[in-house]
Amino acid sequence: MTLTTMRDVLKANLQLHGNPNFPDNLLTHYLNVAQRDIQTQLNGLGMKKWETSDALTLTGTSFNGKSVKTSSLTTDCPNMLESPKSIIYIDCDYLTA
Amino acid sequence: MISTAMLTKLRTSLDEASATFWSDTECYAALADGQREVINFALIFYNKNPEHIPEVLRPLLTSISSTIGSSGSSANLPSGFIAPVSIKYSHTNTTQVPTFIRSNGQGHFFKQANSLLQSVATTPFTYFCYFLAGTIVFETAAAPTAGYTLEYLVLPSDIAAGQNATIPDFTHDAIVQYAYAQLLLKDKKHQEAAQEWQKFMAMLPNLIF
């Protein structure tokens, strides 16, 4: 189902046609919230469709007196689902890390 | 019923077959007022449920297509405009899409400022418009020329000699009844006029479907 069709189904089922309180942008917002909720519920159950990977840019810093490397997930993984279960694995190369 | 038949029926009620106390001009003016009164009553129902146009109002449905010049965002309402029915708009004057009609009520500017309730030029079905001082204002300005189609209800022609009522036949008895009640006032028959007015009011609900 395309996004347009999903919005049309919403409009038809809820009789929202012409209702100024429900323009397309708001309906798209609701659909995205619903999609993310479903993704969060199903995360880790082998739903490969939305698995992806991003390269991390590591920066040296200090944490609690130890030298560590950090990555900004906001920058490096901008589309990552906001759930602790979202990270499936991290692959490190000791030669460059 | 053609206009002369309405006049004849009215004169029968007045018991004045030809113009003596009430001129034909007065009678036709009262009939024209009656037509508008029936329309006003139907508009109450239409405004409560704009999804359904009562049969009484269907002959008044018309449309206009026009353009708005460079960077403009408003257009004058057409002559005789009573109420909007539906609007399509394109800020680039290409494919027009259905456009929401926003109320000018207390929350108008708050809704206009809401990022999810704004007119977005690049997104169909987010166009908004509202009515202001005889104009229709679109919240996404022309770039450079906009096009719109407005379906609306228009005032009927006044009933006159040679000009029949615009609204359907089933309303004509009520229109004559209204005119009868009004014309009795000229004869200072206030009590009788009030009774005839009540009869007119009793007829109105049956005309709305």
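Since every read-out is calculated from the coordinates, none of them should be taken as a lab result. The structure presented is a predicted model; accordingly, all values stated were derived computationally and were not measured. Glycine also receives a Cβ, built like all others from the backbone with ideal geometry; neighbour counts cover every protein chain displayed.
Here are some notes:
- Using the Cβ-Cβ distance between B:PHE21 and B:GLU151 with R0 = 41 Å, the FRET efficiency computed as 1/(1 + (r/R0)^6) comes to roughly 0.40.
- Taking chymotrypsin sites (Phe, Trp or Tyr not before Pro) as exposed when their DSSP state is a loop state and no more than 15 other Cβ atoms lie within 10 Å, the longest site-free interval of chain A runs over A:1-88.
- Percent breakdown of C-alpha pair distances by 10 Å bin, ordered from the shortest bin, for region B:56-154: 16, 49, 30, 5
- For region A:1-58, the fraction of alpha-carbon pairs in successive 10 Å shells from zero, as %: 19, 36, 27, 14, 4, 0
- Amide H to amide H, with H built 1.01 Å from N, B:VAL97 comes under 5 Å of B:TYR89, B:SER90, counting only residues 5 or more places away or on other chains.
- Signed unit charges on C-beta, dipole axis of the protein assembly as shown, positive-most listed residue B:ASN49, B:ALA194, B:SER73: B:SER73
- With the charge dipole of region A:1-50 set up from +1 on Lys and Arg Cβ and -1 on Asp and Glu Cβ about the Cα centre, the Cα lying farthest toward the positive end among the listed residues A:THR28, A:HIS17, A:GLN41 is that of A:GLN41.
- The charge dipole of chain B, taken about the Cα centre with unit charges on the Cβ atoms of Lys, Arg (+1) and Asp, Glu (-1), comes to about 600 debye, rounded to the nearest 20.
- Given +1 at the Cβ of Lys and Arg, -1 at the Cβ of Asp and Glu and no other charges, the dipole of chain A around its Cα centre is 160 debye to the nearest 20.
- Choice from A:THR70, A:THR52, A:THR61 showing the highest fluctuation, given a GNM over chain A with Cα pairs closer than 10 Å: A:THR61
- Dividing the convex hull volume of the alpha carbon atoms of chain B by its residue count gives 141 Å³ per residue.
- Relative to the dominant Cα principal axis of chain A, helix A:3-14 is inclined by about 50°.
- At R0 = 41 Å, FRET efficiency that the Cβ-Cβ distance of B:THR12 and B:SER103 yields, to 0.05: 0.35
- Residue order, fewest to most beta carbons within 10 Å, for B:ASP187, A:ASP24, A:ASP37: A:ASP37, B:ASP187, A:ASP24
- 20 Å Cα-Cα threshold exceeded, pairs from B:LYS9/B:LYS199; B:LYS48/B:LYS199; A:LYS11/B:LYS88: B:LYS48/B:LYS199
- Cα-based Rg of chain A normalised by 2.2 N^0.38 Å, two decimals: 1.58
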